[in-house]
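For reference, the structure is listed below as structure tokens.
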Amino acid sequence: MRTVVMWLSMLVMMAMPSLQVWMIGWACGPDGLGMGSALGTGRFALILVVLTVGAVLMSVSSSLAQDMRDLLQEPLMAEYQSDLTDALANLTPAQTLDDEVTAQVRAARDAIPYNVASQAADATSVVGALASMVMLAGSLWHMHPLAAVMIAVAMIPELLAQFGVEKLANELWPKRGKESRRANYFERLLDYPPSSTEIAATAGSFGIPAQARVRYFTMAGMWERVSWRRVQLTGVSSLAFALLTGGAFWLILTSGHAAATSIPAALVGIMTGLSVTRTTGEAFGNLMASTPMILAFDRLMDMLHANHAIPETAGPVGVHVEHLTYAYPVAVKSDGEDDDADDAHKSVTAVRGPALDDVSLDIAPGSIVALVGENGSGKTTLVKLIAGILDAPDGAVGLTSGKSGDGHCLDSWAERLGASSMVFQDFTHIEVTVREFIDPASRHTDEELRDGLRRARALDIVNALPDGLDTQLGQEWGGVGLSGGQWQRLALACTFLSGKPLWILDEPTAAVDATAEAAICYDLIANRPADTTVIVISHRPRVLTDMDRIIVLDHGRIGETGTYRQLVDRNGAFARLTRDSLE
């Protein structure tokens, strides 16, 4: 309905210039106005009516068309934004860590309101203006064919000028997206707790204002280039437009066929046509220049939709790692590169020393194993590779199915990810309700949720909240703030409820006291579902006494392995870590 109303409004605007030419020509009659007679006075009055009605209809139609354009664009924008958000749920872990992909996502977010959602409305405006000029030229053809052609092409310089402006603007969108993403990060740090609270309580501001200022002025500089381009091209196009329309009117005025009826009709038609077409350049420029952005948006959506769904892998599963080596890529600047946004594409990728170096190990299905080692020894990197968050270019990593571990090997990252439930020490405190946080897929009943909370020693915490399972978490949205230990217990409850056969817990008790730590470790061992394999990363060796096996990593290599008692008696790296933790 909105589209129909917009098209009807555009139809009035499109037809008005040519209609005014015909109606004024008819009203004047073959003898002109003839003001000395009653007939002439009536014709003059009719012309005034035509002009007045035409002006009113043009104003109303233009306003209505713009309102309908906005009403059409808003739901389209919401639809595209929703589609993109839905598709982003299909991002793979590797893609979330890819700067190029995140830049594409930011550019798509920024382009939706200005490029993607406005395509239909821009196309309508351009088609309407072109049709209007063609009809106007047709109505002037009998007066002077060349003048009619000049009127028909008069809007082309404006269209080309706006195309040049919008082309530059759209070339800058990806670069603006990079700067906007960084600026938004700084804004969030200063706007919302807990980061804003920490910054306010700290001497200094971590350089945030200065860095944000750089981003703001970088973006401003980009739009200054667009504004200067618009000033230059608009001046040239306006001159061309004036010459074409003025020349057309001069040809009609001096033509031997020009009659008293032709001149006022042509003048009114041309002036009305100006008001229709001069506002079309921006729509045309945006329509044409935004095409690359829309194609990029479509490519991003195609890439996201092509990602395979994460399969749900049933247990039990073991872990097999063979000659695994992994080094994190590092982006560095090429020679001669500066910090200008235009040179962002010049960066190249280097690789630092390996985080893991020729690691081989096997973990039996249903066992509970601990990884220990000093900071930077490769523990978190190893479990991210095992879980499928990272993919291994060198070596082999997979999950072995069956209780004995001799079944099918699940070696793709998707299969490993589908089998794993992870809690990391620095996990994100996603500020939703308790129910949504511990059961993100909405699979469990309230009783099952309470059972998971009970096993994670978090039920008393939730029962004390104002709305229980439906309590909004996080102060950013007016919810309840939790301590680090309370958040960690909710994350453990999510793992208990996951149903996954492999649990990976990176410092799961780092934010709780010693009593709670002992209770949680007991729950992990005693209350986990049968045949669940658990990998625990810990800096507190005293909680590892009941582990089936402890693996000690040292500078990316396996230093030693054994039970707690075996490693303490060996008096090696693990024994040293144990003594250090007690000091």
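Read the figures in this text as sums done on the coordinates, not as results from a lab. It should be emphasised that the depicted structure is a prediction, and the values quoted were computed from it without experimental measurement. Positions of Cβ are generated from backbone atoms using ideal geometry, with glycine treated the same way; all protein chains shown enter the neighbour counts.
So here's what we get for this one:
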quantity	calculated
Net charge of Cβ neighbours under 12 Å - reference Ser196; Lys, Arg +1; Asp, Glu -1	-3
Alpha carbon Rg of region 445-557, scaled by the compact-globule rule 2.2 N^0.38 Å	1.15
Kirkwood Rh in Å, taken over all unlike Cα pairs in region 125-250	18.4 Å
Restraint check, Lys384/Lys500; Lys178/Lys384; Lys175/Lys379, Cα-Cα greater than 25 Å	Lys178/Lys384; Lys175/Lys379
Contour minus Cα-Cα distance for Met303 and Asn375 (0.36 nm per residue)	22.3 nm
Volume per residue of the C-alpha convex hull in region 363-582, rounded to whole Å³	134 Å³
Region 175-239 - percent relative contact order, Cα under 8 Å, separation 6 or more	42 percent
Hz values of 3J(HN,Hα) by residue in region 548-559 - Karplus curve (6.51, -1.76, 1.60), Gly and Pro given as x	5, 7, 10, 10, 9, 9, 9, 6, x, 10, 7, x
